[in-house]
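Each remark here refers to the structure printed beneath this line.
The values are calculated or read from the model by the stated rules, or taken from the named source; none is laboratory data. Note that the structure is predicted; figures quoted are calculated from it, not measured. All Cβ positions, even for glycine, are placed from backbone atoms using ideal geometry, and neighbour counts span all protein chains on display. The accessibility values were calculated without ligands, DNA or RNA, using every heavy atom of the protein model including side chains. Shrake-Rupley method; radii C 1.70, N 1.55, O 1.52, S 1.80 Å.
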Amino acid sequence: QVQLVESGGGLLQPGGSLRLSCVAPRSIFIRYVMSWYRQAPGKQRDLVAAIGSGGSTNYADSVKGRFTISRDNAKNTVYLQMNSLKPEDTAVYYCNVHVAGIGYWGQGTQVTVSS
C-alpha cells in the first residue's frame, strides 16, 4: 500500500492562486512519475500535470501557462502551483502514482473557485 497525503485546497476567487502539496513515501517518490488529477462533479477524473523522477513535466492543455508542477526531493513532496484560477478549475484534486501497474491515490483536496 502506498500512502499519498495531500494538502492545500480551499475556496478562492477567480484570478487567485493556490499551491497543493502531496507527500509520498521516499522509496516511491524518487523512482516514479508523480501526477495530479482532478475530478469535477459529474465528470471523469482527468490528468492535470505530471512530473518524472528526472523533472520532466507535462500538462493538460487547459492548465498550460497557469499551473506548474514541481518536486522537492529532500521533502518527498510534489507541488502543484495554480495561478490565474478560473471557476472551471473547481474540482477535487488528487495526487497519483502508478507502481507496477497499480494506481495509488491520495484522499483528494477540494479546490473551489467562485466569486
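In terms of Cα to Cα distance under 20 Å, which aspartates and glutamates are near enough to K64, apart from those fewer than 8 places away along the same chain?
Within the straight-line cut-off, K64 pairs with D46, E88, D89.
Report, to the nearest whole %, how much of the accessible area of region 59-107 belongs to carbon and sulfur atoms, 1.4 Å probe, protein only.
Roughly 50 percent of what the probe reaches on region 59-107 is carbon or sulfur.
Treat every Asp and Glu Cβ in region 1-75 as -1 and every Lys and Arg Cβ as +1, leave all other atoms uncharged, and give the resulting dipole magnitude about the Cα centre to the nearest 20 debye.
For this selection, approximately 60 debye.
Hey, in the GNM for the chain with a 10 angstrom Cα cutoff, which one of L47, L11, L80 fluctuates hardest?
For the chain, modelled as a Gaussian network with Cα springs under 10 Å, the answer is L11.
P(r) for region 29-83, please, calculated from all Cα pair distances in 10 Å bins and given in %.
That works out to 24, 51, 22, 2, in percent per bin.
For the chain, what relative contact order do you get, as a whole percent, if you take Cα pairs closer than 8 Å and at least 6 residues apart?
36
Given H placed 1.01 Å from N in the peptide plane, which residues other than close sequence neighbours of K86 have an amide H under 5 Å from its amide H?
Here the answer is G15, since their amide H atoms fall under 5 Å of that of K86.
Hull surface divided by four, with the convex hull built on the Cα atoms of the chain: how many nm²?
6.8
Please give the length that would be gained between Q107 and A74 if that part of the chain were fully extended, namely 0.36 nm times their separation in residues minus their C-alpha to C-alpha distance (nm, one decimal).
9.6 nm
Give the lysines whose C-alpha is closer than 20 Å to that of K43, dropping any in the same chain fewer than 8 places away, or say none.
K86
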